[in-house]
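Below you'll find the structure, written out as structure tokens, and then a few comments.
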Amino acid sequence: MRRRTWGRMTVSVLLSALAVSLVALVPAAAGTTWTGVLVSLQAVSWLSLTLLTALWLVGLGCYSTSLAASLPGLSNRRALVLSLTGSAVANVLPVGGAAGIGLNYAMIRQWGFSRAGFAAYTTTTNVLAVLTKLMAVAVAAVALGVFGDTDLLSPQMAGLGLLALVVTPVLTAAVLSPHVGSGLGRLTDRLVAGAGRLLHRPWRSRLGVRLPDLSRTTGALLRAEWPTMTLSSAAYVGGQAALLWCCLRVVGLDLPAEAIVVGYAADRLLTLLPITPGGVGVVEAGMTAALAALGGPADGIAAGVLLYRGFTYLLEIPVGGALTAVWLLQNGARNGRTPLTSEREPVA
């Protein structure tokens, strides 16, 4: 047990050190220094920060609409709480996505929803998140090839766009098809059982039965709610891209539309790689390098990217952390027991 604890602590320390190192290298990715970046950030007015915060909140509102559609009966307010609390945990802990899902599960069960409903909700929201990120990359490649400067469309960018266009329908079919789910489930069952035999552990799974049922439930949900999910997801993506453009504008940059598209696509692509909590360090360095390659003042690019990530990553931690603390205290006091194990419906 002690070895596991020390191992986790070591991994956490190493990943934190990696994240800090990558963030420290963000100005270098644009070919500038922290002095120039800080000068650009200090020029941002409080009015600009207020307007950026409002735009960030509008984007969250659009996203919460998509989340609410993924679990019939879930209000937009509670969907927003789920989004912020889950993100706060995921942005702090190594491989924090699992911990965020665990927290959201406790909340949803506390609000009276079933385990099956949570499973469909989790599957739907994660699939939508991956699909929107892949489509952002595909749209960036198409936009550069059709509307932008074709010199900016590198073979790597074109390849990623093509891959996204191929993976998107395949992933959708895999999630919605009970036959595919059954095949993957049976394969996983065999692998788990085989690993158990090798390690002399009674490991078993029933995914061969559960995944087809989940595919049917998720498919029915998507067929019923796809207009709301599609429109709200598109509005959220547009809001985030607008937030990136505004963050670059307030530090004095006026980049072309194709540069904003490339920068946002880099953000979406890099957040798919859970190397550090919330992709911190990796996303900032990657976005800065991508935008710097398109030209523009290095100080402003690094400052704009850091400001954008301040909203989409950093601000979620204190806001989501505060909501988590309120929920734990509120439900613990009302139920008289640990909120993470209680399934009673709290008074909202």
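The values are calculated or read from the model by the stated rules, or taken from the named source; none is laboratory data. Not measured: the values here are computed from a predicted model. Note that each Cβ is placed from the backbone with ideal geometry, even for glycine, and that neighbours are counted across all protein chains shown.
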Inset, instruction - Return the only residue of Ala265, Ala290, Ala242 being at pLDDT 90 or above and either small (Gly, Ala, Ser) or part of a loop (DSSP other than H, G, I, E, B) (or both). - result: Ala242
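Name the residue, out of Arg197, Arg204, that is surrounded by fewer than 12 Cβ atoms within 10 Å (Cβ to Cβ), out of contact with any Gly (no Cβ under 8 Å at 6 or more places or on another chain) and charged (D, E, K, R). Steps first, please.
Details: Arg204 fails: out of contact with any Gly (no Cβ under 8 Å at 6 or more places or on another chain).
Within the list Arg197, Arg204, the selection yields Arg197.
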Legend entry - Unmet criterion (only one of (1) within 21 Å of Tyr121 (Cβ to Cβ); (2) at pLDDT below 85) for Met1: (1)
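Here's the yes/no breakdown for (1) buried (at least 17 other Cβ atoms within 10 Å of the Cβ); (2) farther than 23 Å from Pro318 by Cβ; (3) touching a His at 6+ places or on another chain (Cβ under 8 Å):
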{"residue": "Ser83", "(1), (2), (3)": "yes, no, no"}
{"residue": "Gly86", "(1), (2), (3)": "yes, no, no"}
{"residue": "Asn91", "(1), (2), (3)": "yes, no, no"}
{"residue": "Gly100", "(1), (2), (3)": "yes, no, no"}
{"residue": "Met107", "(1), (2), (3)": "yes, no, no"}
{"residue": "Arg115", "(1), (2), (3)": "no, yes, no"}
{"residue": "Thr122", "(1), (2), (3)": "yes, yes, no"}
Legend entry - Residue tally, condition exposed (fewer than 15 other Cβ atoms within 10 Å of the Cβ) and touching a Gly at 6+ places or on another chain (Cβ under 8 Å), over region 218-248: 0
Inset, instruction - Find the residue count for region 259-310, including only residues that are surrounded by fewer than 21 Cβ atoms within 10 Å (Cβ to Cβ) and touching an Asp or Glu at 6+ places or on another chain (Cβ under 7 Å). - result: 0
Legend entry - Failed item, numbered, when Leu211 is tested on (1) assigned to a helix (DSSP H, G or I); (2) at pLDDT 80 or above: (2)
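When the residues of region 32-63 are narrowed to those that are within 10 Å of Val250 (Cβ to Cβ) and of a type in the set (Ser, Thr, Tyr), which ends up surrounded by the fewest Cβ atoms within 10 Å (Cβ to Cβ)? Give the steps one after another, and end with the answer.
From region 32-63, those within 10 Å of Val250 (Cβ to Cβ) are 40-41, 43-45, 47-49, 51-52; that's our starting set.
Imposing the further condition that a residue be of a type in the set (Ser, Thr, Tyr) reduces the set to 40, 45, 48.
Values: Ser40: 23, Ser45: 9, Ser48: 16.
It comes out as Ser45.
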Legend entry - Of all residues in region 245-262 being assigned to a helix (DSSP H, G or I) and farther than 11 Å from Leu291 by Cα, the one that is modelled with the lowest pLDDT: Ala257
Legend entry - Pro227 touching a His at 6+ places or on another chain (Cβ under 8 Å) and part of a helix (DSSP H, G or I): no
Inset, instruction - Identify all residues within region 293-326 that are part of a loop (DSSP other than H, G, I, E, B) and small (Gly, Ala, Ser); write none if there are none. - result: Gly295, Gly296
Inset, instruction - Would you list the helices (runs of 4 or more DSSP H) that sit entirely within region 9-85 and hold 2 or more residues that are modelled with pLDDT of 90 or more, under 19 Å from the mean Cα position of the chain (by Cα) and over 27 Å from Ala106 (Cα atoms)? - result: 46-69
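Got a sec? Which of Ile101, Ile108 is in a helix (DSSP H, G or I), at negative phi, at pLDDT 80 or above and within 18 Å of the chain's Cα centre (by Cα)?
Result of the check over Ile101, Ile108: Ile101.
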Legend entry - Tabulated pairs, region 204-221, first touching a residue at least 24 places away in the same chain (Cβ under 8 Å), second acidic (Asp, Glu), C-beta under 6 angstrom, 6+ apart or interchain: Gly208/Asp189
